[in-house]
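Some notes on the structure that comes next.
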Amino acid sequence: MTAWHFCPLCSAPLARSVVDERERDACTGCSWVHWDNPTPVVAAVVEYEGSVLLARNRDWPEKMFALVTGFLERGESPADAVRREVKEETDLDAEAAHLIGVYDFARMNQVIIAFHVPARGTVRLSAELADYRLIEPAKLRPWPQGTGQALADWMRARGLPVHFLPLAT
């Protein structure tokens, strides 16, 4: 359910209605429907100097690190988006972008398109990030949701055992 209350076309109130066999927010005055489609997000398993780079957003708790992620821009392919995000957030140059998989992240209404991104250069974090860690692939402990599933699949493809972190309660 969205936070939209009024139609962006005619300003009439929105109401829950069944449209195409699903309940959606629809305008009571015109035919506009808020489809509430998931947002595509790219995620990078950045491989750097033999380790995987995990980053901490400046707004996250001190011990929370994850993959580099970002949104696609208009006219941008997912592979181009992930290379751009790696450069913007870490200043590293992506040598390639190999698709790992596509993952549902319903809690955030996102579809995650994950890539393995071998990278080179010198790490210089953007203002969005507070810190990073380089973790040997065999020592990685993926989280059980969102981008953690992509990291686990990347590890499995390399024959590494996967031991998930417990979910925080």
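Where a number appears in this text, it was derived from the coordinates with a stated rule and is not lab data. Just so it is clear, the structure is predicted and the values come from calculations on it, not from any experiment. Cβ coordinates were reconstructed from backbone atoms using ideal geometry, including for glycine residues, and neighbour counts include every protein chain displayed.
A few remarks follow.
- In order through segment 61-69: 3J(HN,Hα) via Karplus (6.51 cos²θ - 1.76 cosθ + 1.60), integer Hz, x for Gly, Pro: x, 4, 9, 9, 10, 8, 6, 6, 9
- Where labels lie 7 Å past Cα in the beta-carbon direction, separation of LEU165 and ALA130 in nm: 1.3 nm
- Separation of alpha-carbon centers, segment 1-75 and segment 92-125, rounded to whole Å: 17 Å
- Gained length - SER77 relative to SER11, 0.36 nm times residue gap less alpha-carbon distance: 20.3 nm
- Under the simplified labelling scheme, the MET64-TRP32 pair shows an inter-label distance of 3.3 nm, with each label point 7 Å from Cα along Cα→Cβ.
- On Cα atoms only, tilt of 78-90 relative to the major axis of the chain in degrees: 60 degrees
- Compared with the dominant principal axis of the Cα atoms in the chain, helix 147-157 is inclined by about 50°.
- Amide H contacts of TRP143: GLY148, LEU165, each under 5 Å away and 5 or more positions distant or on a separate chain (H built 1.01 Å from N in the peptide plane; Pro and chain starts excluded).
- Restriction of the GluC sites (Glu not before Pro) in segment 3-48 to DSSP coil positions whose beta-carbon has at most 13 other beta-carbons within 10 angstrom yields GLU21.
- Taking 0.36 nm per residue of separation and subtracting the current Cα-Cα distance, fully stretching the chain between GLU88 and TRP4 would add 27.1 nm.
- Hz values of 3J(HN,Hα) by residue in segment 129-142 - Karplus curve (6.51, -1.76, 1.60), Gly and Pro given as x: 10, 9, 6, 8, 9, 9, 10, 4, x, 5, 9, 5, 10, x
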